[in-house]
Every structure is written in C-alpha cells, then in structure tokens.
Amino acid sequence: MMAGIETITRRIAESAHSEAQELLEQARVDAAAQLQQAEQQAVLLRDQVLARAQEQAQQIKRAAESDVERDEKQQLLQAKNRVIDRVFDLSVQRLRQLDDDRYFTVLKGLILQYARPSAGELVLSAADRKRMPSGFMHLIDAALGEKGRLQLCEQSDETINGGFVLRYGNVDINCSFAALLAQRREELTQQVY
C-alpha cells in the first residue's frame, strides 16, 4: 500500500513538475514576445521622436533663414532709400546751383505747367527774389497770356529751398523742388527697386 502511495505521489510530483516546466516555458515564451513587442514599440517611438525632432530642426532652420533673408532685404531697402534721399538732395542742390538764366528758365517751365487760369501770386525765397532777372514777371505774364496772371508776392518764404509756391487766394500749389520730387518719389523709387 505504501508502494502505491509512493507511486501516486511520484506521479503527482512528476505531473506537477512537468506542468511547472510547461508553465515556465510558456512564461519564457510570453516574456520573450512581450520583450520583442516592447523593443519594437521603443524603436517605433524612437523613430517618431527623431522624425519630430528633425522636422522641428528644419522649421527652426527655415525660420532662421527667413529672418536672415528679411533682415538682408530690410538693410538693402534702407541702403536704397539712403541713396535715393541723397540723389534727391543732390538734385535739388544742382537745380539751386544753376546759373540764373537756366534756373529761371526751369522755374518758367514749371510756372507754365502748374499755373491756374486765374490771378495769383508767385512766392519765392528771399535768395531767389534777389537773383531773379529783371523782366522775369513780364515774361511770365506774356507766356501765360489768357491762361492767367501772376504777380510777385511781396513776402518771401524761407521754407522754399528752390522752386516756388503759386498762391491763388487760400490755395497754395507747392512747386518747391523738394515737393515736386516728393510727388514723383514713389514713381522714381519703383524704378530703383
């Protein structure tokens, strides 16, 4: 009877041991599968993080390049504006330095272009009044004919740095060289840009 119990016990122990080995082997297989799955997920996650980091780096690079390009364009625009300002200043200076005959020939052309068909006044700076050739106002009136009549304003305007102002009652037509160039500035600067 004892031998029967020992046999049963041994069979139970062997069966338990075999079952434990199977469970242990299954656990090893499951663990290996989970480990492999975790490694695959880690590789996938790493690749996604790297891809996002590379995209962010590209965005930062593009933004930096755009900033540099914008700054270069801004500096170029400022340089062009300085050159245009200098050219305008030199143009006014050269016009002012024309000899009296040529200077007043330029003024005559501008007066005829901007005069209105009514009586008005010609306003000059004191310096231009002094250098005005005698008979200039008669020459202007003759050239205007029926288009209008201008008389020289008794008061000079020292804000005029070359050119003149035509005054018709309360309406002033600023024909100073600076004002005329400013009116054409946009058109002229478009040619430079």
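The values are calculated or read from the model by the stated rules, or taken from the named source; none is laboratory data. In this text, all values refer to a predicted model and were calculated from it rather than measured experimentally. FYI the Cβ positions are ideal-geometry reconstructions off the backbone, even for glycines, and counts take in every protein chain you see. All accessible areas refer to the heavy atoms of the entire protein, side chains included, with ligands and DNA or RNA removed. Shrake-Rupley method; radii C 1.70, N 1.55, O 1.52, S 1.80 Å.
Can you give me the % of accessible surface on the stretch 1-144 that is carbon or sulfur? Probe 1.4 Å, all protein chains present, nothing else counted.
Using a 1.4 Å probe with all protein chains present, the stretch 1-144 comes out at 56 percent carbon and sulfur.
Taking N as the number of residues in the chain, what value does Rg over Cα atoms divided by 2.2 N^0.38 Å take?
Its radius of gyration relative to the 2.2 N^0.38 Å reference: 2.92.
Tell me, what is the FRET efficiency for Ala27 and Asp47 to the nearest 0.05, using R0 = 22 angstrom and their Cβ-Cβ distance as r?
0.15
Where does the chain land at 222 nm, in deg cm²/dmol rounded to the nearest 500, when only DSSP H runs of n ≥ 4 count, each adding -39500 (n - 2.57), divided by all residues?
Result for the chain, helices only: -26000 deg cm²/dmol.
For a quick check, take a GNM of the chain with Cα springs below 10 Å and name the residue from Leu144, Leu107, Leu45 with the largest mean-square fluctuation.
Leu45
Across bins of 5 angstrom width beginning at 0, how are the C-alpha pair distances of the stretch 88-132 distributed, in whole percent?
For the stretch 88-132, the pair-distance distribution reads 5, 17, 27, 26, 17, 6, 2.
Assuming 0.36 nm per residue, please report the length gained on full extension of the stretch Arg131 to Ser15 beyond their Cα-Cα distance.
Net length gain for the segment: 28.8 nm.
Once label points are set 7 Å from the Cα along Cα→Cβ at both Gln74 and Gln93, what is their separation, rounded to one decimal in nm?
Here the modelled spin labels are 3.0 nm apart.
Build a GNM of the chain with springs between Cα atoms under 10 Å: which of Asp30, Asp172, Asp101 gets the top mean-square fluctuation?
Checking each option, the largest mean-square fluctuation is seen for Asp30.
Suppose every K and R has +1 on its Cβ and every D and E has -1 on its Cβ; what is the size of the dipole of the stretch 109-193 about the Cα centre, in Debye to the nearest 20?
Using only the charged Cβ atoms, the result is roughly 140 debye.
Per 0.36 nm of contour for each residue apart, how much would the distance between Val171 and Gln36 grow if the chain were fully extended, relative to their Cα-Cα spacing?
Extra length from Val171 to Gln36 when fully extended: 39.6 nm.
Along its principal axes, what span do the Cα atoms of the stretch 61-135 show, with the longest given first and each in whole Å?
70, 29, 18
Counting heavy atoms of the protein chains only and a 1.4 Å probe, report the per residue accessible area for the stretch 78-160 as a whole number of Å².
Accessible surface, normalised per residue, equals 63 Å².
Quick check for me: using +1 on Lys/Arg Cβ and -1 on Asp/Glu Cβ, what's the dipole size of the chain about its Cα centre, in debye to the nearest 20?
Dipole of the chain, to the nearest 20 debye: 1240 debye.
Starting from the alpha-carbon convex hull of the stretch 90-193, give the projected area averaged over all orientations, in nm².
That works out to 7.0 nm², a quarter of the Cα hull's surface.
Please sort through the DSSP H helices of the chain and keep those with an alpha-carbon extent of at least 27 Å along the long axis and a Kyte-Doolittle average not below -0.5.
none
When N is the residue count of the stretch 28-82, what does its C-alpha Rg come to as a fraction of 2.2 N^0.38 Å?
This ratio for the stretch 28-82 stands at 2.33.
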